[in-house]
There are 4 protein chains.
Amino acid sequence: MSIKDTWTLAGKDYGSRLIVGTGKYKDFEETAAAVEASGAEIVTVAVRRVNVSDPNQPMLVDYLDPKKITYLPNTAGCFDADSAVRTLRLAREAGGWDLVKLEVLGDQKTLYPNMPATFEAAESLIKDGFKVMVYCNDDPIAAKQLEDMGCVAIMPLGAPIGSGLGIQNPVHIRLIVEQTSVPVLVDAGVGTASDAAAGMELGCEGILMNTAIAEAKDPILMASAMKHAVWAGRQAYLAGRMPKKLYADPSSPLSGLI
Amino acid sequence: MSIKDTWTLAGKDYGSRLIVGTGKYKDFEETAAAVEASGAEIVTVAVRRVNVSDPNQPMLVDYLDPKKITYLPNTAGCFDADSAVRTLRLAREAGGWDLVKLEVLGDQKTLYPNMPATFEAAESLIKDGFKVMVYCNDDPIAAKQLEDMGCVAIMPLGAPIGSGLGIQNPVHIRLIVEQTSVPVLVDAGVGTASDAAAGMELGCEGILMNTAIAEAKDPILMASAMKHAVWAGRQAYLAGRMPKKLYADPSSPLSGLI
Amino acid sequence: MSIKDTWTLAGKDYGSRLIVGTGKYKDFEETAAAVEASGAEIVTVAVRRVNVSDPNQPMLVDYLDPKKITYLPNTAGCFDADSAVRTLRLAREAGGWDLVKLEVLGDQKTLYPNMPATFEAAESLIKDGFKVMVYCNDDPIAAKQLEDMGCVAIMPLGAPIGSGLGIQNPVHIRLIVEQTSVPVLVDAGVGTASDAAAGMELGCEGILMNTAIAEAKDPILMASAMKHAVWAGRQAYLAGRMPKKLYADPSSPLSGLI
Amino acid sequence: MSIKDTWTLAGKDYGSRLIVGTGKYKDFEETAAAVEASGAEIVTVAVRRVNVSDPNQPMLVDYLDPKKITYLPNTAGCFDADSAVRTLRLAREAGGWDLVKLEVLGDQKTLYPNMPATFEAAESLIKDGFKVMVYCNDDPIAAKQLEDMGCVAIMPLGAPIGSGLGIQNPVHIRLIVEQTSVPVLVDAGVGTASDAAAGMELGCEGILMNTAIAEAKDPILMASAMKHAVWAGRQAYLAGRMPKKLYADPSSPLSGLI
């Protein structure tokens, strides 16, 4: 695309609209190769699981340079507000990160957010100076409340984390996009390229995914597919699609027929 | 994509899997700009409507160089076998083209193919030395018969021409892809980028579209969107998508939790 | 429904709009019980498979009285026009049936119709005095040709026979309904009750099914479900559904709010 | 259905699984006729809008006998916890009703629930001795919290109130059904009969609707359609549908073919 098309998150501009997770890869080499193929400029890191501070173990920072790639610490695995807040404070101490992705999970089966606990943790983190990107359900009313509270990005789920079902409720995502001033990023649920394109066509600022890339048979190639899919969906959104019609009309003018 | 990924049509290799129509643009400048943005190496031309031979009128060949772009004469506007056959013979005389896209339409409202007339015209054209790419309904049995007859590409409709509804029956397209040895190209019905990606994820060799690009608010930008969408869908198909699951699992291994 | 709502097939009125197959049940008792629970007044019978003439074997006519239930001989298992025509002639000799369901199959995997062979057989049977109900693909152009030829009912497939996928292409079925003067009956592909209701909401005169009932865990209860589903869909079609809206409005008037 | 199939709400058994609203009809005659055609045994009443106590105005109770039909006062039009609680207290004083439907709305455009305010009101009402049926978003985690709090029925939205879009996220509804011990009733979003059947096939105990009936062209006939649709979906759920298959198999055993 020749036009400049960047988006702004917490005061910084990004060209790529694809944010990728760093879990589920077989090793850090594969993680780094997938991130590169995806073109992502932001990655999420489960700070309770991925080594970002112990120099005696392989460290992600040796494979993905934090000067070039924005690290987004997340609270994967936290099932209550306190542990999420504590986790992100430790992350800030370790790496200086204050732009964070908050997720407070409701149960092991679906990994859906616990919304009351998410509100509680978001409030506490914002008060504590964090810039909070918040994983939430696809409820427009809740999304508005989180934006009003001061979250810097709204990240509604598209489908259960790791399910690959694609965006289940485009109406909800669209309602959220229409009402929100900060970036809306679809988080979780994308399974393949057309899902990512469809998400972007709803007008989201970007998409976050992990499993769809990491669990493809060829993760590196799927990362490239997703890069193109996000571009495709973004450009289609900007280009303004044709209206749907029940009946055909010819792809060339009929006037010349008679 | 670093891997070489070309496809072969009638003995010639192509890199782009997006074929675009040349009708419905406001002028040949816009047509040419859209074709370039799409990356297409093949264009269809309605020889009964688009000037390819009268040097006193603006000619498409002055805007799209036939040495660089493969012209695919089509029979848009033909509602019986005879006129389709006659049209393509004239095209061969005028431009030497023997690789052609046959469409024999059944009615004005839907522009669906008249299949018996399509069979008749295809047989006649093949006997006459043409390499016939055939627009057909999405019936796997008919598709097999057309392949057996000697057609060089099977082009099932995804939805009514110009409707932009997206692929209505993925099961049919998938059945056709599984059984066919020559290229299968989805023809007609794509409305936006995710539709094109979804078509490619079914394993088609390529996609043909016109209205989705020409009737977008910004046709040039939509052409670029479609280029990326076709790449995205193709790469996702090759990469092998993750399985769908009803329930979530975490995007990072749970093992570290306990 | 208090209003009289019958439909007419080959000059005879019917109250039930559900036609059921008689195959795949464990025995004739179960067949008869399912037919009764379904409320069907017409059943299809695969005359090459179901015993309707050998009095030394259990006979379907002993379980389903042909004076009360219209038998519709079909050509299940016929893969060419000749065998279909021959099968129905034998059926006419054996039982006097001239209202028949023609199906000429294209392959074993999908059991989709072979349309050229279907045209051929239909023409021959109509000439021979049969009233032909025709199983066909969901191609509006072909449907029109079969109607023009003199078929008394058009029976487009909703999905592969026995697949239970539900109607894959409602646009096609709707296009066929709009243009057809004889009854349109969706044949094949229904999997559960909502599929049947959705088919009727498209304006079809009725629905034919077999596997969805016979392979349910409780076929008799599913037969009853389908009876209600067909009524529900028919009544909803006649009642005229509310328009879809993207945004909510209250289910009670807002005027009283202020 | 010959088997007894009732469900229990707050200790009382009901045969009908269709709950209908009483708003949006042109007068109480039409309301009463629609309720009768629907077979509903429970109706919701917007106590702030529908006259249930002023004997100088037409009163709903003169048209729908509260001894035969369970009245379910709701809080339609309440946008905060306090007004919802107050409204239901007034209703209890006026009519003695303690089985109530709580809805605390989040905005005028979507009429989605404000979940934090819903939690607050539910807690207060339960403490106050009400049996609370709760309108909520389709979030499984929130549904569990409301059940744990003591709500007697969980009523997740299927789509925006009055939108007629059908159930947007069957995965969410199914997750809620699987985990919930009290009745789950889909509330809002149904547009036509097949939507209602599809909801019941997910295993819900029942469905509540208003606009789909009241805004049909013929509300009385649509009420009957919905009665059958709910039966159809319920029976199909109990009967256990056939599995979906990508490929066909014949509707009669193939064994006899060779």
task: Considering only DSSP beta bridges where both residues belong to the protein assembly as shown, give the percentage that are antiparallel (nearest 5).
output: 15 percent
task: Could you list, in their original order, any pairs among B:Lys67/B:Lys227; A:Lys245/C:Lys109; A:Lys127/D:Lys144; C:Lys245/D:Lys26; A:Lys227/B:Lys68; D:Lys26/D:Lys131 whose Cα atoms are separated by more than 25 Å?
output: A:Lys245/C:Lys109; A:Lys127/D:Lys144; A:Lys227/B:Lys68; D:Lys26/D:Lys131
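Taking K and R as +1 and D and E as -1, what net charge do the other residues with C-beta under 14 Å from the C-beta of B:Ile154 add up to?
Around B:Ile154, the surrounding residues sum to -4.
Return an integer: the convex hull volume of the alpha-carbon atoms of chain D, in Å³ per residue. Display every interim value, and only then the final one.
Numbers: hull volume 38.0 nm³, N = 258.
It comes to 147 Å³ per residue, whole-number rounded.
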message: At 7 Å along Cα-to-Cβ for each site, give me the label-to-label distance between C:Ser181 and C:Asp218 in nm.
response: 4.6 nm
message: Less than 14 Å from a label point 7 Å out along the Cα-to-Cβ axis of A:Lys26: which backbone N atoms in the stretch A:204-243 qualify, by residue?
response: A:214-221
- request: Scan chain D for the residue whose Cβ is closest to the axis carrying it onto chain A, then write down that distance in whole angstrom.
  value: D:Asn169, 2
field: Per-copy distances of the A:Asp80 label point, shortest first, in nm (7 angstrom along Cα→Cβ)
entry: 3.2, 7.6, 8.2
message: How large is the accessible surface of A:Asp82 in square angstrom, using a 1.4 angstrom probe and rounding to the nearest 10?
response: 100 Å²
Accessible surface, the stretch D:40-191, averaged per residue in Å² (probe 1.4 Å): 33 Å²
field: Rounded tilt (10° steps) of B:28-38 against the dominant C-alpha axis of chain B
entry: 30 degrees
- prompt: In whole angstrom, and with the biggest value first, how far do the Cα coordinates of the protein assembly as shown range along each principal axis?
  reply: 79, 72, 54
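Keeping the other protein chains in place, figure out the carbon and sulfur percent of the accessible area of chain D, with a 1.4 Å probe. Write down the numbers at each step before the final one.
Details: 4570 of 9120 Å².
So the carbon and sulfur contribution to the accessible surface is 50 percent.
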message: Nearest 10 degrees is fine. How inclined is helix C:170-179 to the longest principal axis of chain C, computing both from alpha carbons?
response: 80 degrees
query: Put a dot 7 Å past each Cα toward the Cβ at C:Glu36 and B:Met149; how far apart are the dots in nm?
result: 5.2 nm
task: Loop only per DSSP, at most 12 neighbouring Cβ atoms within 10 Å: give me the trypsin sites (Lys or Arg not before Pro) in the stretch C:1-102, ordered by residue number.
output: C:Lys4, C:Lys26, C:Lys67, C:Lys68
message: Tell me the total accessible area that B and A bury against each other, 1.4 angstrom probe, in square angstrom rounded to 100.
response: 5200 Å²
query: Between A:Ser53 and the same site in the other copies, what are the distances in nm, shortest first, taking label points 7 Å from Cα along the C-beta direction?
result: 6.1, 7.8, 8.7
message: With the crude spin-label approximation of a point 7 Å out along Cα→Cβ, what separation in nm comes out for B:Glu93 versus B:Lys68?
response: 3.2 nm
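The values are calculated or read from the model by the stated rules, or taken from the named source; none is laboratory data. Every value quoted in this text rests on a predicted model; they were computed, and no experiment measured them. Every residue, glycine as well, gets a Cβ built from its backbone with ideal geometry; the counts of neighbours run over all protein chains shown. Surface areas here come from the heavy atoms of the whole protein model, side chains and all, with no ligands, DNA or RNA. Shrake-Rupley method; radii C 1.70, N 1.55, O 1.52, S 1.80 Å.
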